[in-house]
Number of protein chains: 4
Amino acid sequence: MTAHEPIQDIAHLGHVELLTPVPDKSLWYFRDVLGMEAVGQEGQSVHLRGYGDHAHSTLTLTEARRPGLGRISWRAVSQPALERRADAISAAGLGEGWREGEGGRGRCFRFRDPDGHAMEIYYDEAPYHAPEGMRSTLKNLPMKYTGRGVNVRRIDHLAVLCRDVAANRRFAESVLGFRLHEQVRFDRGKMEVGSWLSPSIMHHQLAYVVDVKGAAGRLHHFALWVDNREDVLRAADLLAEHGVFIEAGPSKHNNSQGFYLYSYEPGGNRIEIYSGSYLVTAPDFQPVIWNEQERGTGVYWGTPLPDSFLNYATPDVTVSDQAPAGTVKLPAFDPI
Amino acid sequence: MTAHEPIQDIAHLGHVELLTPVPDKSLWYFRDVLGMEAVGQEGQSVHLRGYGDHAHSTLTLTEARRPGLGRISWRAVSQPALERRADAISAAGLGEGWREGEGGRGRCFRFRDPDGHAMEIYYDEAPYHAPEGMRSTLKNLPMKYTGRGVNVRRIDHLAVLCRDVAANRRFAESVLGFRLHEQVRFDRGKMEVGSWLSPSIMHHQLAYVVDVKGAAGRLHHFALWVDNREDVLRAADLLAEHGVFIEAGPSKHNNSQGFYLYSYEPGGNRIEIYSGSYLVTAPDFQPVIWNEQERGTGVYWGTPLPDSFLNYATPDVTVSDQAPAGTVKLPAFDPI
Amino acid sequence: MTAHEPIQDIAHLGHVELLTPVPDKSLWYFRDVLGMEAVGQEGQSVHLRGYGDHAHSTLTLTEARRPGLGRISWRAVSQPALERRADAISAAGLGEGWREGEGGRGRCFRFRDPDGHAMEIYYDEAPYHAPEGMRSTLKNLPMKYTGRGVNVRRIDHLAVLCRDVAANRRFAESVLGFRLHEQVRFDRGKMEVGSWLSPSIMHHQLAYVVDVKGAAGRLHHFALWVDNREDVLRAADLLAEHGVFIEAGPSKHNNSQGFYLYSYEPGGNRIEIYSGSYLVTAPDFQPVIWNEQERGTGVYWGTPLPDSFLNYATPDVTVSDQAPAGTVKLPAFDPI
Amino acid sequence: MTAHEPIQDIAHLGHVELLTPVPDKSLWYFRDVLGMEAVGQEGQSVHLRGYGDHAHSTLTLTEARRPGLGRISWRAVSQPALERRADAISAAGLGEGWREGEGGRGRCFRFRDPDGHAMEIYYDEAPYHAPEGMRSTLKNLPMKYTGRGVNVRRIDHLAVLCRDVAANRRFAESVLGFRLHEQVRFDRGKMEVGSWLSPSIMHHQLAYVVDVKGAAGRLHHFALWVDNREDVLRAADLLAEHGVFIEAGPSKHNNSQGFYLYSYEPGGNRIEIYSGSYLVTAPDFQPVIWNEQERGTGVYWGTPLPDSFLNYATPDVTVSDQAPAGTVKLPAFDPI
């Protein structure tokens, strides 16, 4: 066995931009229902954070004609690490060049993954400094735990759709240095349906799942963390009281062991309230691979996920929209 | 600012050996009350694991005249990383040389930290393969969740006592590559009372706390993880029903935000059932430093920790035992 | 308004007998998976209890050709109350006479409800006296909390099917003195689909739901209590690990606000692990009545209950079995 | 054994009036921190309710020079029951006569318990009708679950101090018809230190505990219910963030098995956030009696209750204030 050196250049998911056609309603969802804090506004964008997020802002809502993903920002572990990854991405032919950072993030290198999702890497970052009145009585908590609504603690992960899971997964592994932790593979392993990857010991911060409509650059869901399963149940009570459509959960996935609750924010993007799962500390962890039978309906317990979980993503497309010839026929399954 | 490159050579706490004068009773505590699985026996040692631990065994109980720590094993992220750390430790003059591994762990480099705690680093490791009947219905869980007793999921961290916190903390940072996440410093920062360190984004896997009795190489506590605060409360109910002495908790520390429950296993070692805390993903996280006033009694809520939490450790010593002249006078405080 | 005096003669559900064609397997389910204690055996019956149950035994499993209900035992608040209810039942023409009690219950009056479910009322009862080794360290807990499996605390309620909900509900109200707390009524209130009743401030201990197959005397489910929603989630993890089929949940009903988890014990009877709901203390509480739209799929959150929840009960019947002409056509709905 | 007929004339604790010298700050505590709803104001009083309370209002804060109890209102199960209790109280020489009701409660009979606490019984009550915007999506919930702060569900119980526990307990049992569920008795049973009583199967809605300062008519604490232990932990996080002094907990009492969190509202009254405990359904339940050793420090786990828990009550008195000769010497113990 040759000595293998893992790439450990990316620290974590740093920031996500979501597009919404109804920014005021989306702001209500994230601030008043989920309990995030609004920390600034620029042009048609509003910046938010969870009470436990280290950075000034971790989510930006930007007005747009259709919902979906804006840009995904990854934080490097150091300046040299940032430069190494920029070089690797350039070498892979996917770089878009260096830019001045935004929203408290320093100089960044922009790129697209093979499916076309807009991404960037940065290192410098402005931490959050709570203003008077928003300081926590816990010195190690960046912001007061306000107890407003669901009160999500921090951003957790993204699941995006793509036309070719293997190509995107390989890019994330070999170019970004992410580790593959779980996969769904159908047809005796020949069809890679979904891959769950992480830059760290967190179970996943990025999932690639096949887009059954053959479209490009779409978002399956964006997930926010709460500390306990009971918090997820409480979130369901609150979403129900606020008239927010709950698509599935609270329940437990088999893949990832995540305890989930999926709803649509008013702009149409699927948002997950998430807890549980497990840390992957072993450096030689072998990816867990699920076939059709093992994967089942994607739930560990009880009632299967609804069809919409497979078929709906943002922006929504009809098959004829973009990819009349490119649609994918899958046996019944559910992406996480 | 010069480009800084973090050391990321150690993956996680791999294995802990505890000494006990009453091995049968200690086994009862870890297996029947805490719900760990006994996976093997060698000589005067029995090997155990949590249902979520990746390695074959993560805790070994070894018969000894007095309780305390045996050896702490750290896993490297790769073979080259292991060699780099061995070189660094040797250069620091603390190495004890290479050995064949034990208990499923490969070739390892042994050393002592400045305070004399026995440690080793290794890379190769035998993962756990559950025998028939112990396989989980979750493909990503190494072992069946049996529901026996407290049913701790995995090992989490160690807190050890030492005479010179700064010296040991610096060793962990610069030689092992651990990151410092929190500290307690008294006397306007001049007296380093405790330091919480981690090889990864976990809040801490190793804490150094000053030994108020001036002894060497002692254990404050060894911690095992459960997934929810409710699991910690349930653990307290079970410890109480089994007649196990509960020293403190369930409650919440201010430092680390950990939700804790401390009891003594029959051999005398302090064991923590632990959940909560927070992940530290920011690569430029500034250590949170608590002074006398901020640290208070070490609890975020309610009743202070008892005196024993400061004064008792294993092996127990009277001041005259080892260090008549070396005892440390502290203002009232509580190490985590 | 005339002065109204409530009947308060029945204290609580005292004991339930379940029939099972596979008594050994059913015993495994209740004792090893749910964590009940087996306290005795007589003939083809085994007696069990939850750790918090006051009576010696609260559940009996009796071998039979087919699964279903044996007898339901209600405890009166006093000897005179028992006699008053016996008189009232006799006057209603449903009495079967006095018998010596069994299983630690004193002299009892046997009867059938209008649908034919076998019932009895008793007052005297042998409380549980824990043997050495099974005593709790809590003086107010009848038995040690062992932490084995799901560890249900006590029996909670029964839901039975019947051909005429209104007739059975009126019997429970006017003859037994139960209070009606919730109802499902379809067709502008004309069709009484289900009624939830209680002898006390507990939300319900008896539910009558229409039998869509037109059969008599069947059981929909028998429910056991745990203290927290997290305990229900933990129960789901354990049922899954033990290979027990989970029909629905964990999730939350709209009706009753109960947090539920339904599985089938190996004999075929549907068993609910239950928590939450609410106490009904107001003596003039107006029954909450749900129509088709309000009732929806019977869940407060997420995915609807499966068809089996409506169609399966014990003993199982095909429509042609018993009631070829008597089947009931319902719009889609889900009984609790 | 003669046939014994229990009195079952009182349904539940209906309403509590608390006195506070700082009404605005007390309102902040109950409305903004605990999440109760303010439903009206009259003179120097403001009326509040929990989201699950059936009555229009269950707590009134009234401005006064000193904190303490105003009046405790009990609801009868019927109009005849109300009249029976009024007769019994009059016969006991403690009646103060009939009055028009207030705050949505109908005609009531006022009285004082032997220690002088002001009480009343009533039957008619205005239920809460949620205004537009405050209606729950759950038809069986009187009001929207808003998710504001601790969000207590309903009022639960009162613990009051008195000079002669036995006399007050006997009054509650024989005149009000309450059942005795637990007691603390010291000195071989001769000294009745505390008694926990209930009009229903709830564990207790009224506790009498000896006033170690020998004063009259004082309040030890008033308790509000949340559904889970996790909710109590979350409450502690929120009280800490709001700078509210936490006296004790979250932890678990041995007596009552209640999971508690005690803080002082700004007016000085001790308030408990409460969950857990157990229902007492057996009509012949034998009161659980704890002696000095069994009672211990009043906690089932961990650190003892602080001295203030024994010595502080509202209104606060110095021993010389009222009862120079009447103080009670107790061995160390903790009232719940």
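The values are calculated or read from the model by the stated rules, or taken from the named source; none is laboratory data. What you see is a predicted model; the values in this text were computed from it and never measured. Cβ sites come from the backbone with ideal geometry, for glycine too, and all protein chains shown count toward neighbours.
Assorted remarks:
- Some residue of the stretch C:233-244 being closer than 19 Å to C:Asp307 by Cα, at pLDDT 95 or above and either of a type in the set (Asp, Glu) or in contact with a strand residue (DSSP E or B) (Cβ under 7 Å, 6 or more places away or on another chain) (or both): yes
- Verdict on C:Ser57 being at negative phi, within 14 Å of chain D (Cβ to nearest Cβ) and of a type in the set (S, T, N, Q): yes
- Test: D:Leu19 is away from chain C (no Cβ under 11 Å), in contact with a Phe, Trp or Tyr (Cβ under 8 Å, 6 or more places away or on another chain) and not in a helix (DSSP H, G or I): no
- Any chance B:Asn291 is facing another protein chain (nearest Cβ under 7 Å) and not aromatic (Phe, Trp, Tyr): no
- Test: residue in the stretch B:177-185 that is among the polar types (S, T, N, Q) and either surrounded by fewer than 23 Cβ atoms within 10 Å (Cβ to Cβ) or touching a strand residue (DSSP E or B) at 6+ places or on another chain (Cβ under 6 Å) (or both): yes
- When C:Asp334, C:Asp316 are screened for being at pLDDT below 95 and closer than 30 Å to C:Ala64 by Cβ, only C:Asp334 passes.
- Checking the stated criteria, D:Glu192 turns out not to satisfy the condition of being within 15 Å of D:Ile10 (Cα to Cα), assigned to a strand (DSSP E or B), more than 14 Å from chain C (Cβ to nearest Cβ) and touching a strand residue (DSSP E or B) at 6+ places or on another chain (Cβ under 6 Å).
- Among (1) surrounded by 23 or more Cβ atoms within 10 Å (Cβ to Cβ); (2) at pLDDT 95 or above - the single one C:Pro266 does not satisfy: (1)
- Candidate set from the stretch B:238-271 (those that are more than 21 Å from D:Ala240 (Cβ to Cβ) and in a strand (DSSP E or B)); member that is nearest to the other protein chains (Cβ to nearest Cβ): B:Ile246
- Within the stretch C:73-97, the residues that satisfy the criterion of being under 25 Å from C:Leu59 (Cβ atoms) and of a type in the set (D, E, K, R) are C:Arg75, C:Arg85, C:Glu96.
- If you go through the stretch D:41-68 and keep only what is of a type in the set (A, V, I, L, M) and either within 27 Å of D:Asp237 (Cα to Cα) or surrounded by 23 or more Cβ atoms within 10 Å (Cβ to Cβ) (or both), you end up with D:Val46, D:Leu48, D:Ala55, D:Leu59, D:Leu61.
- Residue among A:Ala38, A:Ala81 that alone is without any contact (Cβ under 8 Å) to a residue 12 or more places away in the chain and either aliphatic (A, V, I, L, M) or surrounded by fewer than 17 Cβ atoms within 10 Å (Cβ to Cβ) (or both): A:Ala38
Per-residue answers, yes or no, for (1) under 23 Å from C:Ala92 (Cβ atoms); (2) touching a helix residue (DSSP H, G or I) at 6+ places or on another chain (Cβ under 9 Å); (3) modelled with pLDDT of 95 or more:
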position: C:Gly133; (1), (2), (3): no, no, no
position: C:Met143; (1), (2), (3): no, no, yes
position: C:Ile155; (1), (2), (3): no, no, yes
position: C:Val160; (1), (2), (3): yes, yes, yes
position: C:Asp164; (1), (2), (3): yes, no, yes
position: C:Ala172; (1), (2), (3): yes, no, yes
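- Residue selection: C:Val22 satisfies the criterion of being surrounded by fewer than 21 Cβ atoms within 10 Å (Cβ to Cβ) and either β-branched (Val, Ile, Thr) or farther than 17 Å from C:Gly103 by Cβ (or both).
- Counting the residues of the stretch C:294-314 that are assigned to a loop (DSSP other than H, G, I, E, B), buried (at least 21 other Cβ atoms within 10 Å of the Cβ) and more than 7 Å from chain A (Cβ to nearest Cβ) gives 3.
- Pick from the stretch D:272-288, criterion in a strand (DSSP E or B) and facing chain C (nearest Cβ under 9 Å), ranking: nearest to D:Val184 (Cα to Cα): D:Val288
- Total residues in the stretch B:238-268 satisfying the condition of being under 23 Å from B:Ile201 (Cα atoms) and not polar (S, T, N, Q): the figure is 6.
- Candidates in the stretch D:139-160 are the residues that are touching a strand residue (DSSP E or B) at 6+ places or on another chain (Cβ under 9 Å) and of a type in the set (A, V, I, L, M, F, W, C); of these, the one that is nearest to the other protein chains (Cβ to nearest Cβ) is D:Val150.
- Candidate set: the stretch A:168-182, residues that are part of a strand (DSSP E or B) and touching an Asp or Glu at 6+ places or on another chain (Cβ under 8 Å); chosen: the one nearest to A:Ser73 (Cα to Cα): A:Arg179
- Condition check for A:Arg75: in contact with a strand residue (DSSP E or B) (Cβ under 6 Å, 6 or more places away or on another chain) and crowded, with 22+ Cβ neighbours inside 10 Å: yes
- For the stretch A:39-53, filtered to residues that are assigned to a loop (DSSP other than H, G, I, E, B) and closer than 16 Å to A:Leu224 by Cβ, the residue that is nearest to the other protein chains (Cβ to nearest Cβ) is A:Gly52.
- Single residue of the stretch A:200-237 satisfying the filter (closer than 17 Å to A:Trp301 by Cβ and either acidic (Asp, Glu) or touching a Phe, Trp or Tyr at 6+ places or on another chain (Cβ under 6 Å) (or both)) that is farthest from the other protein chains (Cβ to nearest Cβ): A:Val232
- When D:Arg179, D:Arg185 are checked against the criterion of being basic (Lys, Arg) and in contact with a helix residue (DSSP H, G or I) (Cβ under 8 Å, 6 or more places away or on another chain), a single residue qualifies: D:Arg179.
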